[in-house]
Every structure is written in structure tokens, then in C-alpha cells.
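Everything on this sheet refers to the single structure shown next.
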Amino acid sequence: MFNKEIQILLPEYIEDESGDVIQLAATDNLPDLNDSSIPDDLPILPIRNTVLFPGVVLPITVGRQKSIRLVKKAYKGDRIIGVVAQENVKAEEPGFKDLHQVGTVARIVKMLVLPDGNTTIIIHGQRRFTITKQVKEDPYLVANYNLLEELSLEGDEKETVAITQSLKEAAYKIMKLNPEIPKEAQVALDNIDNYSFLTHFLSSNVNAEVNEKQKLLQINDPKERAEKLLQHMLKDIQMLELKQEIQNKVHSDIDQQQRDYFLRQQMKVLQDELGHEGPDHEIQALRKKGEKKMWPEHVAMHFKKELDKIGRMNPAAAEYPVAMNYAELLVELPWAERTEDNFDLKNAKKVLDRDHYGLEKVKERILEYLAVRKLKNDLKGPILCLYGPPGVGKTSLGRSIADSLNRKYVRMSLGGVHDEAEIRGHRKTYIGSMPGKIIQNINKAQVSNPVFILDEIDKVSSDFRGDPSSALLEVLDPEQNSTFKDNYLEVDYDLSKVLFIATANSLDTIQPALRDRMEIIDITGYTMEEKVEIAKKHLIPKQTKEHGLTSKDIRFDKKAVEKVINDYTRESGVRNLERRVASIIRNTAKSIAMEEEHISKISTEEVRTVLGPEIFDKEYYEDNEIPGVATGLAWTPVGGEILFIESSLSKGKGKLTLSGQLGDIMKESAITALSFLKSNAEYLDIDHQIFENYDLHVHVPAGAIPKDGPSAGITMLTSLASVFTQRRIKTKMAMTGEITLRGKVLPVGGIKEKILAARRAGIKEILLCERNKKDLEEIDVQYLKGLKVHFVETVKEVLDLALLKQKVKDPLIFSIPKVA
């Protein structure tokens, strides 16, 4: 509460130049000025940063020339001046406009000239006044005034005592909370009995802004002034209590730290005596590991700096375990450790063939990589992406590749990863920070050249925490990953020796820049023949062993395996096939365990008994007796299928209806086919008026299944041509290809799966685009046996091959109204 001036106010008396004693605090006995002794023209002394109250003695240093002239002249005269606080504190030569209107008449008690030229005066406040008229501003300010009467506190005497006691109690509490206030201040406060002087004395010393003190000076009502003053004092008490609470807390924290320090020193001495390892021993052990470590020079220097930093840390500090974990990771990472590749190509091929049937493209690429590594040892690892439907063995192929190369195998699942920090790691500043999964898995493998499987790379997502697929750009770029920087690791790590193999079910969801960095190897679905071989060589032996049986206990007939594949599974891979095989083997294992009779050779009948009724019905070719029914070929994620396009006509106004849950592209194919027919109606001898007088409905069966794509274009056209001409479509013929309005046939994808589907459905002839001929080169010749493939370039070739001259039985007779 109290300002530093309280130290000057503490003595009750000082001596003047003549040796007389001047009283400072006991103002009850100081002589008051009479109204007549105050001159009419009162010299005004402006002061900054403080306010003079009646009854208070205050030292003031005078520096302005006007103020010095005023003080010297007044000191030689009656020593009476008016003291007014500046309203504009920035004014160096204040005028009346820069002053408050209320001030205090004061008597100069003492004037001292200091060695630096400044003049200090001790003034004693007497009466409050208000400026009424400005007399002059030179050589100093002079004004006329009105004295303000000091009103006595009206009301009950008890209320006066209560207010006085409240003010004094608040002042005592402030003195207790503020150790800077001397004890003599309480003595001075005890000696004040005058209510008016008490409020002026406390107002002068309260911890408040100058403007707030000026407001207190201007208040005439003594009760209002006391209440306002009490508010300031209570606010000051709250601030002092808060300050004391903070200081006590800090003091206790420092005491606790000192206590912990002494206890730690004692623990260190005890540990040394008992031979236990302390923090210094751990740091020394890490330093020895670092000296033996084979790593780049910049990493070694960084590690040494980290250990030096840890040595200067307090072991109880929160950063200590974080720094230790970081140093341990640095020394544990395999910077130069690597396994030697097995360059025996024949052995590598043997291992790959042992674990997986088919997949010749992937095996060939791995053998090529090994061959080049054998000739040139510093080849960077390729970035492969195995793309194909679920269950074809993409992930398990990675482990076989690792075995064939004699490398360590690590796998990271990227499905659902949406935080960039999963790849790059967190910065050490965060609580619970750790390196990214790339560095974690490398550390887990303990070699710098493992086979690293990035599983389900097409299922990476992104959100506000970043885009992991963008972080993978650096990992999967052979030109950049030699200096991969993990946020947690802070130093470059060489990933160029790692053989990254990504797996994906779809390429559409992979970021284009990321897809460009990978070598895509397309793994198509297995044919039925391949699935039979996989079941015989891999699935049945594996499940037999896992269920505790031997080959003598159970055997599968080839027809039984084919039945499981055709009637109980519909997939490109073999996952469901393995589950069905496991169900049959479990049934046999149960019979053996319960000592029941069982059949050791599984036939088609036994398959139906165990697995129940067939789940899937095969699509077989239907006859060509109905016009407008054409057979197409479709690709699905679980393999190829045959597809029927049905068209029918009814009397109407030429409306086109499409049904069967068709996508936009398939709808456009139907519209394109119809437009081509309209523009080439003469070629098929179709009357133009049929298009205007009959409604056309095109339907693709299996309406619950969404269908889309351009490959049904020529099938749509053949179906429409058949229904408009009522001609038969060639029996057991299927087709696939995109059409244009010009009548061109364009190539489509999924040829292998489509041909296998046609073969399963009993199709004998297939129509394909001429540019799809290259796709047949990748298909084993045995799968083409019994199939005749026609390659076409134009739609007219399709119609010539697909439509017979013969009309269907009971053809529709078109009724065309005659135009008058």
C-alpha cells in the first residue's frame, strides 16, 4: 500500500536550518493556515506522479525553471503555494489546461539545494482548493481560488467508529503483508485520531494510480471518500495475498529441489558403495557402445553431443528419460549392419516356387534383381507394388522373397493410417514422442537392408494431422531415401538398401506421385486349374497338419476340390477356399477324435454333405431362341463373369428405358449403340419408323448388383440389332469391347479373367478388339483350348459375325402406321 515516501514521513520531527524542530506526522498539533493568511493570487506549483493531501508532509524535487523561481520567491516570502497535480503528465512546461482543477494549499517547510542543481522542498499540505480564475502564466503560474471546506462525518457515532476501524484494520493488514513497510509506520498510524487526516494520510499512501488519488482528493463527502479509499485498500490486500501465496509456493519448490538434490547425492554415494549402477554408469555404457558402433561420422558426432548434454542434466528432470531414450535408439539402430544376399538364383527360384504357385511375373522380377545385384553390388533396392485382388498371396509373397534373398522380413500395415507422424515420427519436444513406424521396424529387424512390406498402401487416408501418402514419397524414392529424415531421429538415415514391396487392391486411391515412384506388378486372380493346384500343393497339406491329421487320414478327389471352388467360393484368391477346405478337414478330425466311421477320400458327395447346399450358381450360356439376348463378358474383383444383355420392344413413342442398376458409363454405351443403329439402319434393313413407334427397354439381369464400364458396348449393340431385326444371335458366342459413334471397336481390360469365365460357362466363340490380341499372349495356351477368338476392328464386323440371317421363332411383326 505505502509508497517509498513513507520513509521520509516516519520521523515525527526534523530540524530546520536554525536547528528548530519541525513536526511531520503529528499534524493534529500543527498550526493551520487562516483564510486571511492565504494570498488572493496564489502561486501554483504543478507536480507529476503524485498528489498532495491536506495534513501530509511530502518531499518534492523541483527541476523546472518556472517552478524553481516560484519556490525561491515563496520561500523568501510567506512560503504559501498551491500544489496541483498535472492531468497531462507529458507536458514539460504545463499551463492551466494541463492541470487538474482541485489542488492543496501547502506551506514550504524546508528547501534544500542539491549538488546536481536540483532543488528539493518539503511541503506540508493544509487546505483543499479549486482554481476559479487564471491570473498569469509567467514567470510562473498564478491563479485565484476557492477554498473547499472539510466536512465532518455526519450520522451515528458508531458508524464513524466503524469506518475508522475498517480503514485502520485494512492498513494494518497491508503492513503485515508487505515486509517493505517499516514497523514505525504502525506507530505513526496509531497516533492519528483525526478522521479527516486519517483518510488523507491513507489516500496519500495507498497503492493507486495518480488519477485515482486525484479523484479521492476531489470528493467532498467524507463517507464517500472513505468508502472509495477502502475499495482501493481491499484490492491492494488481495494483490498482496496473491503475491505472498506465489512467493510461498516458489519458496517451497526451491526447498523441495534442494532436498531432492541432497537426497540424490546421498543415493549416489550409497550406490557407489554398494556397487550399483547409477545414471553416470548408464551414460558411460552408452558411450562405450557408441565407440564400437559402425555408423556415419556425422551421426557419431551427434551422438557424442547428446551424451554430453545428458551428462549435464539433472537425472530427476523431466527431459532426462526422453534424452536417454533418444540416445539408446541412436546406438541401437542398425546403421551399417546388413545381411548378405544369397545370390544362388536357382535356390531363390526354388524357394519362390515352393511357397507360391503361379505369379510368374513377380518371381521373374525378383530373380532379375538378384542377378543384377550379383553383377553390381551397389544396386539400390527397387520399389515394387504388387497390385491385385484380395487373397492372391501378395503379402505372403513378401516373406517368400525375404527367404529367397536370405534377408530379414518386416511388415507395416498402412490400412487406416491417417497421421503423417506414423511415417516420419514425432518431434522430441512432444510428450510421448517416438520415431515413425519406418524407423521402428528397421530397429526391430536390426539390419539396414530388410525386405519391408508396406501392406494395403491403397488404404492410406489423410486428415488435419497430415497426409501419410505424401510422407511416403520420400521413403519410396530411390533418389531421396538415402537421406530419409525422421522427425524424432533428427539425423539422416539411409533406406536405399531396403527392398520395399507395397501391396494394393486398387490403384485408383493411390496418390499419382506415389504411384509413379513404384514399379507396378499386376497379379491377376487365379484360374480354376491354378486354384486346384494351390489346394493340392499348399492348402490341403497345411490344413491337414494344423488339424493334427496326416495324408493317410484324409485325401481329396480332384472333382471334390473343383466342386468346392465352383459351388462354394467366388473369389480371385484362395482365402475362402482355404476356409472351406478347413471345414471339411475339421469334420474328419472330429470323426476320428470321436472314433466314428469316416471317409478318408473326400468326394463331391462328401463335400455337399459337410458344406451343405451349393452357395453359388454358375452362369451358363442360354439358347438363342429369344431375340435381343446377347452374352457379354465382365470383369469383377473376384474374377470374370458372363453377362446377359436383354432388349425388348413394345408399342410406344420411341422411349428408351435402362434397368439393372447400370452406371453412367454403361448407360452411355447403350445410348451410343442405339444412335449407331439409327444412323446405320439401312445396313440392317431396319425401318426408321420403328424407332419412333416402339419403346425400347434394355435390362441387365442381377439388378441388385451395380454394373458399370464401357466393355459391354458391342454386346449392347448386338442385343439391340437382334431385337430390331428379330434375327438370331450366333449360338455359344460371347463378346466384350467398347464402341464409338463412328463404329470403331476399342480395347478393354481384364481379358484373362473374361476368357476363363467364358470357358467355364461353355462358350465356344469370343469376339475381341483387334488391339486386345496382345493380351492373349500372356494367357497359357491350355486355357484357350476349345475357344475360337475373333478379332474385330469395326462394329459392322461384329454384326456380321454375331447375327445370323435366320430369324427367331415367332418373330415380332412390326405395325407401322401409314403416313397420309
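A few points about this structure:
- When 173, 133 are screened for being under 17 Å from residue 198 (Cβ atoms) and of a type in the set (Lys, Arg), only 173 passes.
- Listed by first and then second residue, the pairs linking a residue in region 591-619 that is on the phi < 0 side of the Ramachandran plot and among the small types (Gly, Ala, Ser) to a residue that is open to solvent by less than 90 Å² (accessible area, probe 1.4 Å) and part of a helix (DSSP H, G or I), with Cβ atoms under 7 Å apart and 6 or more places separating them unless they lie on different chains, are 603/560.
- Just one residue in the set 616, 676 is in a loop (DSSP other than H, G, I, E, B) and hydrophobic (A, V, I, L, M, F, W, C); that residue is 616.
- For region 590-611, the criterion of being out of contact with any Gly (no Cβ under 7 Å at 6 or more places or on another chain) and closer than 30 Å to residue 806 by Cβ is met by none of the residues.
To keep it simple, each residue is scored yes or no on (1) touching a residue at least 40 places away in the same chain (Cβ under 8 Å); (2) over 19 Å from residue 780 (Cβ atoms); (3) hydroxyl-bearing (Ser, Thr, Tyr); (4) in contact with a Pro (Cβ under 7 Å, 6 or more places away or on another chain).
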position: 521; (1), (2), (3), (4): yes, no, no, no
position: 550; (1), (2), (3), (4): no, yes, yes, no
position: 568; (1), (2), (3), (4): yes, yes, yes, no
position: 572; (1), (2), (3), (4): yes, no, yes, yes
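- Verdict on residue 439 being of a type outside the set (S, T, N, Q), farther than 30 Å from residue 392 by Cβ and open to solvent by less than 10 Å² (accessible area, probe 1.4 Å): yes
- Of all the listed residues (78, 40), the sole one being open to solvent by 10 Å² or more (accessible area, probe 1.4 Å), acidic (Asp, Glu), in contact with a Ser or Thr (Cβ under 9 Å, 6 or more places away or on another chain) and in a loop (DSSP other than H, G, I, E, B) is 78.
- Just one of (1) under 34 Å from the mean Cα position of the chain (by Cα); (2) open to solvent by less than 70 Å² (accessible area, probe 1.4 Å); (3) of a type outside the set (D, E, K, R) fails for residue 318. It is (2).
- Pair list, Cβ < 7 Å and 6+ apart or interchain, from region 292-314 residues that are surrounded by 14 or more Cβ atoms within 10 Å (Cβ to Cβ) to residues that are of a type in the set (Val, Ile, Thr): 293/331; 299/491; 302/491; 303/331; 307/283; 310/283
- Where residue 435 falls short, out of the listed (1) more than 29 Å from residue 295 (Cβ to Cβ); (2) in contact with a helix residue (DSSP H, G or I) (Cβ under 7 Å, 6 or more places away or on another chain): (1)
- Residues of region 225-236 satisfying the condition of being surrounded by fewer than 16 Cβ atoms within 10 Å (Cβ to Cβ) and either over 16 Å from residue 165 (Cα atoms) or among the basic types (Lys, Arg) (or both): 235
- Index of the failed condition, residue 99 passing every other in (1) modelled with pLDDT under 90; (2) of a type in the set (A, V, I, L, M, F, W, C); (3) in contact with an Asp or Glu (Cβ under 8 Å, 6 or more places away or on another chain): (1)
- Among residues of region 479-505 that are on the phi > 0 side of the Ramachandran plot, those with a beta-carbon under 8 Å from a residue that is in a loop (DSSP other than H, G, I, E, B) at least six positions away or on a different chain give the pairs 490/428.
- Verdict on residue 204 being of a type in the set (Gly, Ala, Ser) and either free of Cβ contacts under 8 Å to residues at least 24 places away in the same chain or open to solvent by less than 20 Å² (accessible area, probe 1.4 Å) (or both): yes
- When residues in region 180-205 are screened for being within 22 Å of residue 99 (Cα to Cα) and within 58 Å of the chain's Cα centre (by Cα), 2 of them pass.
- All positions within region 150-201 that are open to solvent by less than 70 Å² (accessible area, probe 1.4 Å) and of a type in the set (Lys, Arg): 168
- Residue pairs whose Cβ atoms lie under 6 Å apart, separated by 6 or more positions or on different chains, with the first residue in region 138-153 and free of Cβ contacts under 8 Å to residues at least 40 places away in the same chain and the second loosely packed, with under 12 Cβ neighbours inside 10 Å and assigned to a strand (DSSP E or B), are 146/132.
- Only one entry in 802, 734, 820 is under 30 Å from residue 693 (Cβ atoms), small (Gly, Ala, Ser) and at pLDDT 90 or above, namely 802.
- Inside region 613-646, residues that are modelled with pLDDT of 85 or more, closer than 18 Å to residue 736 by Cα and of a type outside the set (Asp, Glu) make up a count of 11.
- Residues of region 410-423 include none that is under 23 Å from residue 518 (Cα atoms), assigned to a strand (DSSP E or B) and touching a Ser or Thr at 6+ places or on another chain (Cβ under 6 Å).
- Helices (runs of 4 or more DSSP H) wholly inside region 465-581 containing at least 1 residues that are under 30 Å from residue 296 (Cα atoms), open to solvent by 10 Å² or more (accessible area, probe 1.4 Å) and among the acidic types (Asp, Glu): 468-475
- Residue within region 767-784 that is surrounded by 19 or more Cβ atoms within 10 Å (Cβ to Cβ) and part of a helix (DSSP H, G or I) present: yes
- Number of residues in region 343-358 that are more than 43 Å from the chain's Cα centre (by Cα) and either touching a residue at least 12 places away in the same chain (Cβ under 8 Å) or open to solvent by 80 Å² or more (accessible area, probe 1.4 Å) (or both): the value is 7.
- Which listed residue is closer than 22 Å to residue 808 by Cα and either open to solvent by less than 60 Å² (accessible area, probe 1.4 Å) or within 57 Å of the chain's Cα centre (by Cα) (or both), from 670, 681: 681
- Checking every residue in region 737-752 against the condition of being part of a helix (DSSP H, G or I) and under 28 Å from residue 360 (Cβ atoms) gives at least one match.
- Close pairs (7 angstrom Cβ cut-off, 6 or more residues apart or separate chains): within 16 Å of residue 135 (Cα to Cα) in region 33-46, among the small types (Gly, Ala, Ser) and open to solvent by less than 50 Å² (accessible area, probe 1.4 Å) anywhere: 42/82; 42/143; 43/74; 43/82; 44/82; 44/143; 45/67; 45/82
The values are calculated or read from the model by the stated rules, or taken from the named source; none is laboratory data. For clarity, every value in this text was computed on a predicted model and none was experimentally measured. Reconstructed Cβ throughout: ideal geometry from the backbone, glycine too, with neighbour counts over all protein chains shown. These accessible areas exclude ligands, DNA and RNA; they are computed on the full protein's heavy atoms, side chains included. Shrake-Rupley method; radii C 1.70, N 1.55, O 1.52, S 1.80 Å.
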